[in-house]
1. Say whether the condition of being open to solvent by 60 Å² or more (accessible area, probe 1.4 Å), under 25 Å from L232 (Cβ atoms), free of Cβ contacts under 8 Å to residues at least 40 places away in the same chain and not basic (K, R) is met by at least one residue in region 319-334.
2. Of the conditions (1) over 30 Å from E328 (Cβ atoms); (2) in contact (Cβ under 8 Å) with a residue 12 or more places away in the chain; (3) among the aliphatic types (A, V, I, L, M); (4) not in a loop (DSSP other than H, G, I, E, B), A174 satisfies every one except a single condition; which number is it?
3. Looking at this structure, is L189 buried (at least 23 other Cβ atoms within 10 Å of the Cβ), under 25 Å from V314 (Cβ atoms) and at pLDDT 95 or above?
4. Condition first: surrounded by fewer than 20 Cβ atoms within 10 Å (Cβ to Cβ), part of a loop (DSSP other than H, G, I, E, B) and in contact with a strand residue (DSSP E or B) (Cβ under 9 Å, 6 or more places away or on another chain). Now tell me which residues in region 198-221 satisfy that.
5. Since G154 meets every condition but one in (1) open to solvent by less than 20 Å² (accessible area, probe 1.4 Å); (2) closer than 16 Å to E340 by Cα, which condition does it not meet?
6. Here are some conditions: (1) touching a strand residue (DSSP E or B) at 6+ places or on another chain (Cβ under 7 Å); (2) of a type in the set (D, E, K, R); (3) farther than 28 Å from G182 by Cβ. E289 meets all but one. Which one does it not meet?
7. With respect to E303, determine if the residue is over 24 Å from V116 (Cβ atoms), out of contact with any strand residue (DSSP E or B) (no Cβ under 9 Å at 6 or more places or on another chain), without any contact (Cβ under 8 Å) to a residue 24 or more places away in the chain and not in a loop (DSSP other than H, G, I, E, B).
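The values are calculated or read from the model by the stated rules, or taken from the named source; none is laboratory data. Given the structure is predicted, the values throughout are model-derived calculations rather than measurements. Cβ placement follows ideal geometry from the backbone for every residue including glycine, while neighbour counts extend to all protein chains displayed. Areas reflect the complete protein model, heavy atoms only, side chains present, ligands, DNA and RNA absent. Shrake-Rupley method; radii C 1.70, N 1.55, O 1.52, S 1.80 Å.
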Amino acid sequence: MPDRFSPEQQAAVGNRVLCVHHRRRRVIALALASVTVAWLGVLAPAHAQEFPSQPIKLVVPLTPGGSNDVLARTLAEKLSGLWHQSVIVENRPGASGNIGADAVARAPAGGHTLLVAPNNVFVVNHSLSPRLEAAKDLAPVTLLGTVPFVLVAGSSAKVGSVKELIELSKSRPAGLSYASSGIGSPHHLAAEMFRSMTGARMTHVPYKGGAPAIVDLLGGQVDVQFGAINQLLPHIRDGKLKALAIVGNERVPLVPDVPTLAEAGVPGWQGEVWVGLAAPPRTPPAIIERLNRDVRRVLAQPEVQARMADQGIVLKGGTIAQMAQTIEDDTKRWAEVIKEANIKAE
């Protein structure tokens, strides 16, 4: 029987079949791609939806009672209710915050171990100690707040003003001694910047935390200290310590009569002491974003703001990018102080 189609017709039919086949393959491929994208869209926030899946630990790399500890315990209380999970605070002091920071840097990257720490942990410590390379990779979450620092004099330094303090330091062969919570701590850096700006003669006496430093300041073993207002305020009000100046550009409502450094004759101060929240490196971005969002909700609560105001702490919040930028800016600023003061790790 002769063929129904000529060779040319058969070829044309074959080409149409191939075209249909290719179109079907493209449709299937596009469908699979759409399903893949959809699943990725589901999986991307899955980490955040599942978080927290276990109790959360807030590591404070300093002794209890300071500004970082106060902030951490307030966060723990409020986040526990928000997440319906227990949130505990663990104090791991030592080496100006290095011990606690390193522990968090090496913790599992699931968002269940977090760090509440002052700015020196993020901008200074890893530069001073090569052993803590992991800590420099901590994932920023958000700024929590700023802590006004105040310059105080103990009974061993009988001075009533910043000017008298500078003059007294220059009149003594060994200058004045100042206490800090450790090498590279905010107390240490503030004193070194002050010394650089004024020419005051000062000798550093580091302690393992702010509390023991205050004990010796009250006992007359050291002369002066730059410290957090909330820790020093009770002793200022009792008249045991003399507040000479606020380390910053604005007066603090808790001590309205205490001048700023600029008002006391030392203009040009830059930088502030802040507290930040960070997670271990490689924590999924979805969890970082969830943490940022939830913590900012807590910081915005009027009760939390009032509680922190009583401690002299100014709440901040802000985006992940803002904290990362602050770290970058402060790293450059304090690097000059570290270099000029020749600060070395313990």
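1. No: zero hits.
2. Only one criterion is unmet by A174, namely (4).
3. Considered against the rule, which asks whether it is buried (at least 23 other Cβ atoms within 10 Å of the Cβ), under 25 Å from V314 (Cβ atoms) and at pLDDT 95 or above, L189 comes out as no.
4. Passing the criteria: R201, Q221.
5. It fails just one condition, (2).
6. Going through the list (1) touching a strand residue (DSSP E or B) at 6+ places or on another chain (Cβ under 7 Å); (2) of a type in the set (D, E, K, R); (3) farther than 28 Å from G182 by Cβ, E289 breaks only (1).
7. Considered against the rule, which asks whether it is over 24 Å from V116 (Cβ atoms), out of contact with any strand residue (DSSP E or B) (no Cβ under 9 Å at 6 or more places or on another chain), without any contact (Cβ under 8 Å) to a residue 24 or more places away in the chain and not in a loop (DSSP other than H, G, I, E, B), E303 comes out as no.
Quick grid of which residues meet (1) open to solvent by 20 Å² or more (accessible area, probe 1.4 Å); (2) modelled with pLDDT of 90 or more; (3) farther than 18 Å from I320 by Cα:
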site: E77; (1), (2), (3): yes, yes, yes
site: E90; (1), (2), (3): yes, yes, yes
site: L128; (1), (2), (3): yes, no, yes
site: A135; (1), (2), (3): no, no, no
